[in-house]
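> If you scroll down you'll find the structure; I have some questions about it.
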Amino acid sequence: MTELTVGKNDAGKRLDAFLLKVFPTMPGSLLYKYIRTKKIKVNRKRTELNYRLAEGDTLQCFISEEFTNPPKKEELFKTLSGNIEIVYEDENIILADKKPGLLAHSGEDEGLPTLIDEIKAYLYKKGEYNPENELSFAPALCNRIDRNTGGIVIAAKNAEALRIMNDKIKNRNLEKRYLCAVHGRPSKEHATLTAYLFKDSAKGQAFVYDTPGKGRMKIVTEYTVKKHKDGLSLLEVNLITGKTHQIRAHMAHVGYPLLGEGKYGTNKDDRKKGYKHQALYSYKLKFLSDGEKNALSYLDGREFTVKKENIYFLESFK
């Protein structure tokens, strides 16, 4: 019999979701059978799949050792330096400045170090995170940006911070600003553009149209021109909607592809000049108040900006 005690970071989770995280090799169908036949109990009583765990609950699991003691994999983050650039950090969150070229999280290039791996390594070395002390929680990213886009990414150090940040993002209580360099000079110094975006998941590409249609999502992109030089324009962009590749695809659609853009523009000449990634940076983040008091309310109204020297394409406007 294996007994588990629910800690703060796992409180509030559904029992089935929690157990599938703790015992990842166990088939869901078998887990449900174990609960139904009372081989998994909470506080020594029969329970239901949708039971919400409370801190201090104890789980009694009369299940096979093949699930409770699976072969341990070497955790990648333990081999890393934890070298990240921090814009801001407190006991609940980290704002990290992700460099272009670094994956935010594991995906198509499974096995390569990612931003969240480096963040785990950083916290592990500080003694703030140890997987041995957690049943199912691990530090997690709250927002993600493209591999070749740089800028601020939020990581939560605990489950409460993750829940609050996810709510803030869902309810648009964060204001994110981007800087980008585009080819050409927009006819208007400031404009709010509206179009319709279709995401082709198979191709990993977004297509923008001027009219609505099946599968097309409305997108709204606000920009302000900050500088012009040598056929390039520096724009500050506010995403009114936030869809996949929105800035890159939308600006190309209206005739101003990003400097270094390979997917939605032609970057052959840009690459010769040293621009290997699209010139796009999530450079500023402001926390807005949602009118409710919570564990992150102290951040309301605060604004954070990356170091200007990290936005490599600003060199083109000196």
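The values are calculated or read from the model by the stated rules, or taken from the named source; none is laboratory data. Keep in mind that what you see is a predicted model, and the values were worked out from it rather than measured. Cβ atoms come from the backbone with ideal geometry, glycine included; neighbour counts cover every protein chain shown. Ligands, DNA and RNA are stripped out before the accessible areas are found, and what is left, the full protein with its side chains, is counted by its heavy atoms. Shrake-Rupley method; radii C 1.70, N 1.55, O 1.52, S 1.80 Å.
Per-residue answers, yes or no, for (1) in a loop (DSSP other than H, G, I, E, B); (2) open to solvent by less than 60 Å² (accessible area, probe 1.4 Å); (3) farther than 30 Å from Tyr124 by Cα; (4) in contact with a helix residue (DSSP H, G or I) (Cβ under 9 Å, 6 or more places away or on another chain):
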site	(1), (2), (3), (4)
Asn166	no, no, no, no
Ser187	yes, no, yes, no
Thr192	no, no, yes, no
Ala195	no, yes, yes, yes
Phe198	no, no, yes, no
Val237	no, yes, yes, yes
Ile247	no, yes, yes, no
Ala252	no, yes, yes, no
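> Only one of Lys33, Lys72, Lys38 is at pLDDT below 90, exposed (fewer than 15 other Cβ atoms within 10 Å of the Cβ) and outside any strand (DSSP E or B). Can you tell me which? Steps first, answer last, please.
On the way: Lys33 fails: at pLDDT below 90; Lys38 fails: at pLDDT below 90.
None of the other options fit; the residue is Lys72.
> While we're looking at this one, here's another question. Could you please find all residues in segment 302-318 being open to solvent by 50 Å² or more (accessible area, probe 1.4 Å) and not polar (S, T, N, Q)?
Restricting attention to segment 302-318, the residues satisfying the condition of being open to solvent by 50 Å² or more (accessible area, probe 1.4 Å) are 302-303, 305, 307-309, 312, 315, 318.
Matches in segment 302-318: Arg302, Glu303, Lys307, Lys308, Glu309, Tyr312, Glu315, Lys318.
> Further question: Residue by residue through segment 89-106, note down the ones that are more than 11 Å from the chain's Cα centre (by Cα) and surrounded by fewer than 14 Cβ atoms within 10 Å (Cβ to Cβ).
Matches in segment 89-106: Asp90, Glu91, Gly101.
> I would also like to ask the following. Of the numbered conditions (1) over 17 Å from the mean Cα position of the chain (by Cα); (2) within 30 Å of Tyr275 (Cβ to Cβ); (3) open to solvent by 30 Å² or more (accessible area, probe 1.4 Å); (4) of a type in the set (A, V, I, L, M), Ile86 satisfies every one except a single condition; which is it?
Failed condition: (1).
> While we're here: Which count do you get for residues in segment 277-289 that are surrounded by 14 or more Cβ atoms within 10 Å (Cβ to Cβ) and more than 17 Å from Cys142 (Cα to Cα)?
Qualifying residue count, segment 277-289: 5.
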